[in-house]
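The numbers here are math on the coordinates, done by the rules we state, and not lab data. Every value quoted in this text rests on a predicted model; they were computed, and no experiment measured them. Positions of Cβ are backbone-derived with ideal geometry, glycine not excepted, and every protein chain shown enters the neighbour counts.
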Amino acid sequence: MNSYAKTVRVGVAGATGYTGVELLKLLSRHPGVRVAAAMGAPGAAPRHVPALKRLWDEPVNGLDLDVLANDTDAVFLALPEHAAAEIAPSLVARGKRVFDLSGAFRLRDADERRRWYPKTPDGGPPVVYGLTERSRDTLPGSSLVACAGCYPTAAILALKPLLEASLLDVEGSPIIIDAKSGVSGAGKTPTERTHFSECHGSLSAYGVFSHRHAAEIEQELGTPVTFVPHLLPIDRGILETIYARLAPGVDEAAVGAALQAAYADSPFVRLTGADLPEIKHVAHTNFCDIGWRVNPATRQLILISCIDNLVKGAAGQAVQNFNVAFGFEEGLGLN
């Protein structure tokens, strides 16, 4: 474990967005970290960010690769994927450890990556997929961590242990993930869909059969899913209602046992059983809450998985990955 004998210098690129601000809030209270650089996107004009007052009182300048390479030990990239794809390999080549919060490096299959993230180059440094609960063994030696996406985090944490234990009938009944996210998941740049007057008092599906997170979920689960995201008129949080069918002979106790075994040593996964979780239970925390119910007559399983999209779905998970990678206690800066 890291003894804090040497403070880790960190930089945040994309510090003015929702995720970047959340990162700086978490890193500023981390006892083993010194925030050495906070930058905006490439070419951005210097500006003060009210949300960062007393966290970073200097101007947030445009991205400067040399400053990141010379003044930091680790860099968090909260940038659009095309920008992350361009600068992450350069930082790794200069000895920095990079935690990328975009989707640029998440997909391992080259064809899938070209389809969903066409500006990400082929080749480059080795990548660790950063879903902490699934990556603890590979994070310590990592140089480039592709932090898991928000929707995939909730889905994979709920489903992966059950698939590994062969508890689901995936041949006879496809897995359906009905996902709902707060508006901050769309980022800070306003669009017609995310304006207050467009989304307030409404609920809408989007990205049907065309959302890039479906590919990420299927990659990590190793099975096809039907994934339908929805936009909730709240600021933050994700709730996923997941429909699956249990294999013959599998009961509710087996579901609970598999999840308990998978997350016995995971401080940020809370299993609620039949007490189904809600977004308000996880908002502003790094927890993933998972509840479930079973209809024995039909073998139907319903899982409810909840996270805060800006914390466990983004900034918090990145810090959790950082902690494991650098040998800190996993919850440092997050509890």
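Summary of values
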{"read-out": "Percent RCO, i.e. relative contact order, over the chain, from Cα pairs under 8 Å lying at least 6 residues apart", "value": "18"}
{"read-out": "Among G207, A83, G313 - extreme Cα towards positive end, dipole of the chain, charges at beta-carbon", "value": "A83"}
{"read-out": "Spacing of the two label points (7 Å from each Cα toward its C-beta) at D178 and S28, in nm", "value": "4.0"}
{"read-out": "Segment T226-V67, length gained on full extension (0.36 nm per residue, minus Cα span)", "value": "52.9 nm"}
{"read-out": "Under 22 Å from K160, Cα to Cα: lysines that are on another chain or at least 8 residues apart", "value": "K180, K312"}
{"read-out": "Calculated [θ] (222 nm, deg cm²/dmol) that DSSP helices of n ≥ 4 give over the chain, each run adding -39,500 (n - 2.57)", "value": "-8000 deg cm²/dmol"}
{"read-out": "Protection proxy ranking of 90-100, 173-183, 305-315 - average other beta-carbon atoms within 10 Å, highest first", "value": "305-315, 173-183, 90-100"}
{"read-out": "Vicinal HN-Hα couplings computed from phi for the range 11-18 (Karplus, 6.51 cos²θ - 1.76 cosθ + 1.60; Hz; Gly/Pro x)", "value": "x, 10, 9, x, 6, 9, x, 4"}
{"read-out": "Mean separation of Cα contacts under 8 Å, 6 or more apart, over the residue count of the range 1-90: relative contact order %", "value": "35"}
{"read-out": "Packing rank of 53-59, 125-131, where each peptide gets the mean count of other beta carbons within 10 Å, highest leading", "value": "125-131, 53-59"}
{"read-out": "The range 280-335 and the range 142-206: distance between their alpha carbon centers, rounded to Å", "value": "12"}
